[in-house]
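Comments concern the structure below.
Nothing in this text is a laboratory measurement; each read-out follows from the coordinates by a stated rule. For clarity, every value in this text was computed on a predicted model and none was experimentally measured. For neighbour counting, all protein chains shown are included, and Cβ atoms are generated from backbone atoms with ideal geometry for every residue, glycine included.
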Amino acid sequence: MGRKLLLEHIDVPGIETFEVYRKKGGYASVEKALKTMTPDAVTDEVKRSGMRGRGGAGFPTGMKWSFLDRKSTKPRYMVCNADESEPGTFKDRYLMEKIPHLLIEGMITSSYALGANTSFIYIRGEYMYVLQILEKAIDEAYAKGFLGKNILGTDFSLDLYVHPGAGAYICGEETALLESLEGKRGNPRLKPPFPAIAGLYASPTVVNNVETIAAVVPIVNMGGDEYAKIGIGKSTGTKLISASGHINKPGVYEIELGLPVEEFIFSEEYCGGVWKDRRLKAVVAGGSSVPILPTELILTTAKGEPRLMSYESLSDGGFATGTMLGSGGFIVMDETTDIVKNLYTFARFYHHESCGQCSPCREGTGWMEKILHRLHHGHGKKEDIDILVDVAKKIEGNTICPLGDAAAWPVASAVRHFRKEFEEAVVQESLLVNG
Amino acid sequence: MAKLTIDGVEVEVPDGTSILNAARQIGGALVPPAMCYYSSLKETGGKCRVCLVKVAQGSTKDPRPMPKLVASCRTPVGDGMVVQNLTSPEVLEARKGVVEFLLLNHPLDCPICDQAGECDLQNLAYEHGASTTRYEGERRTFEKIDIGDKIKLHMTRCILCYRCTYVADQLTNERVHGVIGRGDRAEISTYIQKAVDNDFSGNMIDVCPVGALTDRTFRFKSRVWFTDPKDAHRNCTKCSGKVVLWMKGDEVLRVTARKDQYGEVKEYICNECRFEHKKVSDWTVEGPRHIDRHSVIAQNHYEKIDLQKLKKEVERQLEFQRGKQLPENEIHS
Ligand SMILES: Cc1cc2nc3c(=O)[nH]c(=O)nc-3n(C[C@H](O)[C@H](O)[C@H](O)COP(=O)(O)O)c2cc1C
Ligand code: SF4
Ligand code: SF4
Ligand code: FES
């Protein structure tokens, strides 16, 4: 059994209430931090933990916190990104729904470290019932003196708000999120300036993913050095994986980073193998935005080493033969999966979700969807495959925010690894015409 | 001050200047095109991506290249920066891609568009685009909307540069229009087709790079190249009163603000000057307006950009820089 730092008590009845959560050792990190540590010492522990952001990009959290402009005279803000809309990703919802106080505890400890007295949880609009769960938990925390003025009798005060989005994937991009939180249209901002310098209301702001903030709790409790011992290399700690697709046991799993991919898919402790005794065909390992890999490349790297669930191992080989851990949305596809159709589904999503601000993403995502629609329905032309790859290439790297890349990468990788299927989609049409 | 080179040509500009404006200091062929940036409107730029350039060296202090192409209109210069525009095949390829994207859903109805002849998209497409399209899908269309009795919004032609929304934010005192919807369904819209009546709302017509916002008092009156532009002014209490009259014989067909060589208005005019004074006797005519923009139709160059020619031009500039001073008229050719 791997170590559980976040989900250890998830099945304890009543863990969503303050009382049970507290009995299980909850809010210890708040007590430890506020009473025995300076804010900088908390930041230091997070730095030492080596934990990397769990929202997708994997940026080291301690480093992000240290960029926060502490000289500014403006208020500082801590914002939790709970917009979770990446297809294949549902771990944040699970955590917030089942053990809401863990996030709230993390928000208090993190806000203390950053010197923020007002903090926000920006949650996707479709999670309205989770918002209610969080608000109830926040009320409890206020009542018990963990939120509000002079928390635990110290001079640290914090107000925490939950704010719902209105159903746009793009509002998960941190600067679009801040625009939306300010009550504006959720368009990503041009960077620089980064949020650490000018974020919410042009003030220094840190935006972190739900799981990142929750992980601050065990980091502070056990100390950054201890946390860094878990995992492998620069992939420290545990990670929540949303496992879905053609497996026997879909769900959210907490794994120690470094677990072999093969063990994750086939062991009873995790996914329990591919369903219906079918063979594995492909895996999208980190949410819909990351490159898809065929069986031989997801189980082992191009060098023939076993592929591990870690930032480094999954990206081994670059985009030619590797992928990314991303948000941990692990989508398994069996041998019956139609890769063209799957890609069409993803392309539709990105076309639908583009904010439309910059021309390559606004126009390119729609074009890719149209081509894939054609290929999927057997009307594809021979040139289509090359045009598709070229359009993806012209979007990639040329846009304001990474949604453009997120739309381009799956296309490039699917054609790279499954070109034959795309060619077959074209051939079928010529059969139709001639026969 | 920061010293940098763009395609090898050296220029020194104040810190904080954008790469695009530094290039405009040099002038000539190496100036990246711009479809959304507008120097007199704050926060514009960054969206259309036609101004992408390569930063091969960030600065003397941090010589690392920038990992991606950057929008020159919103990227500040660094001391010792090395920028490649025409000299980077990567930039030209990306720009060609952007032009293709901009034209993807564009109706290409130039023959019936009032903007034809003074349209930035038309110019851009001739200079940087491919001559054929690879796109076979349906193009998006919208119903035309009258924004009050003076302005026509033909959203089908819009390239979503957002300039007009910044006019609304920055020049008029009450914002009633903006962008609704997202992705390629996004559209410029007024709040329930509310009339935009405000002393300065007409300026959105001038900032629109395409024919999406046109002057209803001028629509279909004449092709612009058959009109005779004249600088003129009048005493106005609301604005500078400095305008261009677009005449046919003694008739004033249209009044606009004056644009510089990059198609930008520096002095905005009020709606009264623009819409209410269509008699020559209302104006003091200064003389013919020199149209120094290299508009496609104005100059009759229906050809694609000639890279060899451009490179030669840049080389010539380089030589000048090494030896003699650039004569003024060379800089802004
Ligand atoms: C289109 C798009 C959608 C995103 N959606 C989310 C999201 O739902 N949740 C999230 O935590 N990060 C999301 N991100 C990443 C955020 O921009 C940001 O990197 C992250 O919240 C930082 O948190 P971390 O450092 O804790 O990982 C998204 C990024 C993009 C480009
Ligand atoms: S890349 Fe797409 S989603 Fe991101 S800013 Fe540009 S248009 Fe909007
Ligand atoms: S209407 Fe014209 S100015 Fe406004 S966004 Fe569209 S193209 Fe730009
Ligand atoms: S002019 Fe720079 S992005 Fe449009």
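Overview of values
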quantity	calculated
The range A:217-316: radius of gyration over Cα atoms, expressed as a fraction of 2.2 N^0.38 Å	1.12
Theoretical FRET efficiency, 1/(1+(r/R0)^6), r = Cβ-Cβ of residue B:286 and residue B:43, R0 25 Å, to 0.05	0.15
Sequence-distant lysines (8 or more away, or on other chains) whose Cα lies within less than 25 Å of residue A:229	A:4, A:24, A:32, A:47, A:64, A:91, A:239
Lys/Arg +1, Asp/Glu -1 at C-beta; the range B:224-300 dipole; positive extreme among B:232, B:277, B:249	B:277
Cα centre as origin, Lys/Arg/Asp/Glu Cβ charges: the protein assembly as shown dipole, Debye	840 debye
Average partner coverage of B:94-101, which counts Cβ from other chains inside 10 Å	6
Cα gyration tensor, the range A:89-149 - rounded (a/c under 1.5), prolate or oblate	prolate
DSSP-loop GluC sites (Glu not before Pro) across the range B:1-76, with at most 16 other Cβ within 10 angstrom	B:43
Cα point-scatterer Debye curve for the protein assembly as shown, base-10 log of I(q)/I(0) at q = 0.07 Å⁻¹	-0.59
Using alpha-carbon coordinates, inclination of helix A:359-376 to the longest axis of chain A, degrees	50 degrees
Expected 222 nm ellipticity per residue - DSSP helices of 4 or more, -39500 (n - 2.57), all of the protein assembly as shown, to 500	-10500 deg cm²/dmol
Most fluctuating residue given options A:33, A:143, A:198, as computed from a GNM of chain A linking Cα atoms under 10 Å	A:143
Cα-only radius of gyration and Dmax that characterise the range A:18-229, units Å	15.8, 46
Residue-wise HN-Hα coupling along the range A:64-77, computed from phi with Karplus coefficients 6.51, -1.76, 1.60 (Hz; x: Gly, Pro)	4, 5, 6, 6, 4, 5, 8, 8, 4, 8, 6, x, 9, 10
Selected from A:389, A:206, A:220 as most flexible by GNM, with chain A as the system and alpha-carbon contacts under 10 Å	A:389
Of A:303/B:96; B:54/B:312; A:281/A:381; B:144/B:221; B:238/B:259, those spanning more than 28 Å from alpha-carbon to alpha-carbon	A:303/B:96
Options A:308, A:323, A:238, ranked by Cα towards positive dipole end of the range A:234-334, top entry (Cβ charges)	A:323
Within straight-line cross-link reach of residue A:149, aspartates and glutamates at Cα separation under 12 Å, skipping those fewer than 8 residues along the same chain	A:159
Reachable aspartates and glutamates from residue B:61, criterion Cα separation under 17 angstrom, eight or more residues apart if same chain	B:12, B:15, B:79
Gyration tensor (alpha-carbon) shape descriptor, chain A, a/c threshold 1.5	prolate
Positive-pole candidate from A:61, A:96, A:106, dipole of the range A:39-114, charges at beta carbon	A:61
GluC sites (Glu not before Pro) within the range B:103-158: DSSP coil, no more than 15 neighbouring Cβ in 10 Å	B:136, B:138, B:143
The protein assembly as shown: antiparallel DSSP beta bridges as a percent of all, rounded to 5	70 percent
Label point distance in nm, residue B:261-residue B:143, each placed 7 Å from Cα along Cα→Cβ	4.5 nm
Residue-span extension gain [residue B:10 to residue B:279] - 0.36 nm each, minus C-alpha spacing	92.0 nm
